[in-house]
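Have a look at the structure below before the remarks.
Please treat every number below as a calculation from the coordinates, not as lab data. Please read all numbers here as calculations on a predicted model, not as lab measurements. Cβ coordinates were reconstructed from backbone atoms using ideal geometry, including for glycine residues, and neighbour counts include every protein chain displayed.
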């Protein structure tokens, strides 16, 4: 049994009707979180930057799954769905599932224990910017322009 079939049978992934409006709304939500992550990073709030970047990437990945007629109930299902549906190198970064798992680990440390460094925040924000840009580019949703996502990370404000 494939991992995708296994996740479907266990309810970690479900097939759903593709809803372009929901996909677009999820992508706009991801972009809003990404803007918040950038601002938090600029102002040196590493925990919030890491957390918001993770949620931006997670929402963008969920929108990608939804665009293919699937929804997830947990991170494992999301990662399996991404690997199964977007594994080709011309779609999303081939390691996007690995990155979102590592981003969750960093988010958990920031959220639960307040242990995020500038390097953690920069790494997760970098993965998020790249992932969100590629998801937007791949999905090509009308009204959500991937070229408006600045590829460069903001510089932290000097204290």
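Return P(r) of segment 19-148 (all Cα-Cα pairs; 5 Å bins starting at 0; whole %; ordered from short to long distances).
Distribution as computed: 2, 12, 23, 24, 20, 12, 6, 1 percent.
For helix 46-67, report the angle its Cα long axis makes with the longest principal axis of the Cα atoms of the chain; keep it between 0 and 90° and round to the nearest 10°.
Result, in degrees: 20.
Taking only DSSP H segments of four or more residues, each worth -39500 (n - 2.57), what value at 222 nm results for the chain once the sum is divided by all its residues, to the nearest 500 deg cm²/dmol? Each step should come with its number before you reach the end.
Working: 6 runs with 104 residues, N = 159.
So the calculated ellipticity at 222 nm is -22000 deg cm²/dmol.
If you rank 34, 4 by fewest surrounding Cβ atoms within 10 Å, what's the result? Don't skip to the end; give the middle numbers.
Values: 34 25, 4 17.
By the 10 Å Cβ count, ascending, the order reads 4, 34.
Calculated FRET efficiency, residue 87 and residue 119, Cβ-Cβ r, R0 30 Å, to nearest 0.05? Before the final figure, lay out each step's value.
Working: r = 29 Å, r/R0 = 0.97.
Here the calculated transfer efficiency is 0.55.
Need one word for segment 92-148: rounded, prolate or oblate. Basis is the Cα gyration tensor (sqrt eigenvalues a ≥ b ≥ c); a/c below 1.5 gives rounded, then a/b vs b/c decides. Kindly include the intermediate steps, with their values, before the conclusion.
On the way: a/c = 2.78, a/b = 2.18, b/c = 1.28.
Taking the square roots of the gyration eigenvalues as a ≥ b ≥ c, segment 92-148 is prolate.
Extent of segment 35-101 along each principal axis, from alpha carbon coordinates, in Å, largest to smallest?
37, 25, 18
Run the numbers for residue 35 and residue 112: contour at 0.36 nm per residue of separation, minus the present Cα-Cα distance, in nm.
That works out to 25.5 nm of additional length.
Pairs of Cα atoms under 8 Å, at least six residues apart: use those to get the relative contact order of the chain, whole percent. Write out the running numbers ahead of the final one.
On the way: 243 pairs, mean separation 48.0, N = 159.
Reported relative contact order: 30 percent.
Spin-label point model (7 Å from Cα, Cβ direction): what's the residue 148 to residue 43 distance in nm?
Inter-label distance under the simple model: 2.3 nm.
I'd like the distance separating the alpha-carbon centroids of segment 56-79 and segment 120-152, in whole Å.
About 15 Å separates the Cα centre of segment 56-79 from the one of segment 120-152.
Could you tell me the calculated FRET efficiency between residue 101 and residue 19, based on Cβ-Cβ distance and R0 = 30 angstrom, to the nearest 0.05?
0.70
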